[in-house]
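The values are calculated or read from the model by the stated rules, or taken from the named source; none is laboratory data. On a predicted model such as this, the values are computed, not experimentally measured, just so you know. Cβ coordinates were reconstructed from backbone atoms using ideal geometry, including for glycine residues, and neighbour counts include every protein chain displayed. Side chains are part of the model used for accessible areas, which takes the heavy atoms of the whole protein and leaves out ligands, DNA and RNA. Shrake-Rupley method; radii C 1.70, N 1.55, O 1.52, S 1.80 Å.
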Amino acid sequence: MVYATWQQRMAVITLLCLAAGCGGDDPKVSADLPEIPTPATESLPAAARERIEALLTAVRATPSNAEANGALGRALQAAEQYQGAEALYTRAAAFEPGALRWPYYLGVVRNSQGKYAEAAEAFTSAEAIDSSFPPLQYRLAETRLSMNEPSAARALYEKILAADPNSPTAHYGLGRALALEGDAKSAIAQFQQAVQAAPQYAQAHYELGLAYRDLGEQSLSAQHLELYERFKGVAAPKPEDPLMAAVDAMRQGAGDHIGRGIALAGRGDFAGAIREHLAALEADPDLAQAHVNLVQLYGRSGDVDKAFEHYEKALALVPDQSDLHYNFGVLLFDNGRFAEAKKAFERAVASNPANAPALNNLGQIAERQGGVDQAIGFYRRALEAQPGFRLARFNMGRMLLAKRLPKQAEEQLEQAIEPQDEMTPQVLFGLATARVQMGDLEGAKRLGGEARQMAERTGQTALAKKIADDLATLP
């Protein structure tokens, strides 16, 4: 509720500033301020260049108008001209000293230049104005880490988590602070909570991989480092930041649109992700990666015709890109076109023999056709390419159980227990089945009970019932 009130207040302030101008001419204030910068616009896209030139004209016409200075600062920040933006935000803060946004923006652009102590000073000034803006604590905590002040950062992250216990970003930051303080076990616990809250949080998986490696846990280390490689293209979770959203909206490059699209897809906003990718194609119609991503995005949105359309366009540009054929294969598989999906996954593997997800999906198609040994072969190849690929490990365990090789199945399934998430009950159930095949009924009941309880905790009622029914058949 505080956040919504703050956003409403900011909207009103912005409209008033645009209408009347914030701050007035004050020679005493302006005498020591930075000069109005001269932006470099030659290499910028036409839209960005025209925007900056118009905003520069406005600043020169009303040099003590806070909103005019700040608007040009945002445009320069979006263009990564941080020194110019810093000068303009300094001016805006002087002309509107009670506004949170100018010292906040100032802290962000100083961070971008590696001026961490000065950034912390700006964020502290913003905090004194209004400490209720959620992203501010995150920014200040991150800056304290950059200054190698883990204790100060830890206190800030703990404060954030007291208000928002499920924040993956705060758990990750707290883990980094604890690691710098030398508390490896507590750091691991925080990184684990980060990936539980955001399973595709690549950097948290990376830190877990390093931490487990330092502890000699090679299997867990490999698993998380592989997850890092798998998800490192996915945007890290961030708290909503309407001030930075105003800057991001000014970024005009095709790559910027794709970056925003990937971030939106990571939050489940496929419609928004599609809009950003289409905007990227407006900026660069031959941008193959936008077409490749749109195959997946339209597929997940249920618009199969559009997905096919972008597959054909991408195919003309990058006929041998493995991810393109993989995304198309997933689209076909999800629509029950298994023979065509198989061909697409085979093309993905032909382009990249180490494409573990494509190999795993070929294994699943082989299963559907009754080829257990063939499926095991695909899962084995997937694990050779990506040893930490948990789903392939689980699938390998299932097939070994189908062949009544419980010892080998157990070895695979035990490596698929972590991280603790919705998949874990299925893994535990598989281990219980292995115990049944080995004649260890007590062990089977214990593992089955754990699986049922975890399925119930994670809301998987159908799985919990199946496990309970199977347990009831044991003597």
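For Ala128, state whether it is under 29 Å from Ala85 (Cβ atoms) and open to solvent by 60 Å² or more (accessible area, probe 1.4 Å).
Yes: the conditions hold for Ala128.
Considering only region 297-324, state which residues are closer than 18 Å to Ala254 by Cβ and either charged (D, E, K, R) or under 22 Å from the mean Cα position of the chain (by Cα) (or both).
Within region 297-324, Leu297, Lys313, Asp323, Leu324 meet the criteria.
Please go through region 133-149 and pick out each residue that is open to solvent by 20 Å² or more (accessible area, probe 1.4 Å) and in a helix (DSSP H, G or I).
Pro134, Tyr138, Arg139, Glu142, Arg144, Ser146
Which residue, of Ala120, Ala85, Ala78, is touching a helix residue (DSSP H, G or I) at 6+ places or on another chain (Cβ under 8 Å), at pLDDT 95 or above and surrounded by fewer than 24 Cβ atoms within 10 Å (Cβ to Cβ)?
Just one listed residue meets the conditions, Ala120.
Sort through Arg347, Arg337 and tell me the only one that's more than 24 Å from Gly272 (Cα to Cα), in contact with a Gly (Cβ under 9 Å, 6 or more places away or on another chain), of a type outside the set (A, V, I, L, M) and open to solvent by 60 Å² or more (accessible area, probe 1.4 Å).
Arg347
Can we say Leu474 is touching a residue at least 12 places away in the same chain (Cβ under 8 Å), exposed (fewer than 15 other Cβ atoms within 10 Å of the Cβ) and over 25 Å from Ala366 (Cβ atoms)?
yes
Which numbered condition trips up Pro319, out of (1) assigned to a helix (DSSP H, G or I); (2) open to solvent by 30 Å² or more (accessible area, probe 1.4 Å); (3) closer than 24 Å to Asn352 by Cα; (4) out of contact with any Gly (no Cβ under 8 Å at 6 or more places or on another chain)?
Unmet condition: (1).
Being closer than 19 Å to Ala122 by Cβ, within 28 Å of the chain's Cα centre (by Cα) and not hydroxyl-bearing (Ser, Thr, Tyr) is the filter here; which residues of region 60-85 pass it?
Within region 60-85, Gly73, Arg74, Leu76, Gln77, Ala78, Glu80, Gln81, Ala85 qualify.
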